[in-house]
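Take a look at the structure set out below.
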Amino acid sequence: MFSAVGISCGALVIALLLDVVCGEPAARWHPVVWMGRYLDWAGQRVAPLAGASKPSMLTTNWRIFWHAAGLWTVGATITTLLAVGLYDVVSAIPPIVSMLLLGCALKPLFAWRMLRDEVLAVEAALCESLLAGRGRLAWLVSRDVASLTHGEVRESVIESLAENLNDSVVSPIFWFAVAGLPGAALYRFANTADAMWGYVGERGSRDWQWAGKFAARVDDVLSWPGARLTAFLVVVLLPGRWVTRLPREARRTPSPNSGWPMAAFALSLNIRLRKPGVYALNGDAPEPTAGHLKKAIRLATAVLLSVVFGFVVIALLRQSSHW
């Protein structure tokens with residue numbers, strides 16, 4: 001007979017296998033797409049049009065902030081309650097079926113294969129031409145890619161790999177370990193909200209300066225442990241004298257979290273990762289080559305497997321301590 005811990009461990013392994021073999025589900029069945037549709041609808045109601053007149057700046061800003069916080073809370077509550085309800089349903093059926101269904105429900109909440117494929121697609125396009133590489137990179141990042149060199153394209157794609165390894169893989173699994181399916185679902189909603197609302201300034205003809213503050217801060221809090229766990233696993237997998245430089249390099253980025261996995265990748269692979277005019281991680285190192293990108297993929301894969309393995313081992317040790 002499977003225990004609840006055994007079901008959770010099996011569900012995580014099934015979710016990983018589904019991700020590797022099948023990739024992402026169709027948009028109409030994808031819960032993250034549903035989250036995005038809600039956030040798009042809500043965002044149009046909280047973020048003012050860029051350049052719109054504001055009769056009282058301070059009053060208007062706080063009204064926008066609390067309106068956005070309220071609609072964020074509504075979406076997060078619905079997401080969490082649906083996950084709780086689904087978990088209650090699958091917990092009441094035979095363990096093997098419960099494990100399979102929980103794995104199917106967990107799979108869309110993290111996305112390793114899609115991240116890996118997008119990174120490899122940029123390198124494949126870059127091998128065709130610099131213009132093709134820039135165009136493919138634009139699918140993955142929000143920065144202006146028009147003037148990037150070959151090395152800068154690879155810098156950007158490795159940065160995206162490192163940052164999204166936390167956002168799309170490690171953190172959802174971490175919160176699944178902490179709070180089950182509802183924890184993973186809530187994190188995914190928060191991270192999606194930050195991606196859609198958490199902009200400083202204008203985007204899509206709307207001003208997100210105050211409309212996105214709440215979503216950005218919540219994501220900062222929920223991503224904090226996963227970002228450091230990601231960096232820690234890189235340290236474990238590729239230890240070296242560079243480790244002592246990690247905290248200093250991680251603090252060079254404006255984000256309190258993204259600098260940790262990006263700096264860990266930059267230092268462990270001995271490459272420079274930078275966003276011109278914003279930060280430079282391991283700035284004295286050479287820019288990455290195609291070989292470095294392949295090493296980064298292998299490192300990210302090892303981090304993912306370490307997270308899954310660690311989850312299973314810790315869960316089983318906790319269970320055995322109660323026997």
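Values quoted throughout were computed directly from the atomic coordinates according to the rules given, and no laboratory measurement underlies them. Given the structure is predicted, the values throughout are model-derived calculations rather than measurements. Methodologically, a virtual Cβ is constructed for each residue, glycine included, from the backbone with ideal geometry; neighbour enumeration extends over all protein chains shown.
Structural remarks
- Flagged links, alpha-carbon separation over 30 Å, of Lys107/Lys294; Lys213/Lys275; Lys213/Lys295: Lys213/Lys295
- Average Cα contact separation per residue, the chain, under 8 Å, 6 or more apart, as relative contact order %: 21
- Extension gain from Arg252 to Thr73, taking 0.36 nm per residue of separation minus the Cα-Cα distance: 61.3 nm
- Taking amide hydrogens as placed 1.01 Å from N in the peptide plane, the amide H of Arg274 sits under 5 Å from those of Leu281, each at least 5 positions away in sequence or on another chain.
- Sorting 298-311, 257-270 by their mean Cβ neighbour count within 10 Å, with the most densely packed peptide first, gives 257-270, 298-311.
- Fluctuation leader among Ser156, Ser147, Ser91 - the chain, Gaussian network, Cα springs under 10 angstrom: Ser147
- Ranking of Glu128, Glu202, Glu24, Glu163 by count of other Cβ atoms within 10 Å, fewest first: Glu128, Glu202, Glu24, Glu163
- Here's the picture: a label point sits 7 Å out from the Cα of Leu81 along the beta-carbon direction, and within the range 137-180 nothing has its amide nitrogen under 16 Å of it.
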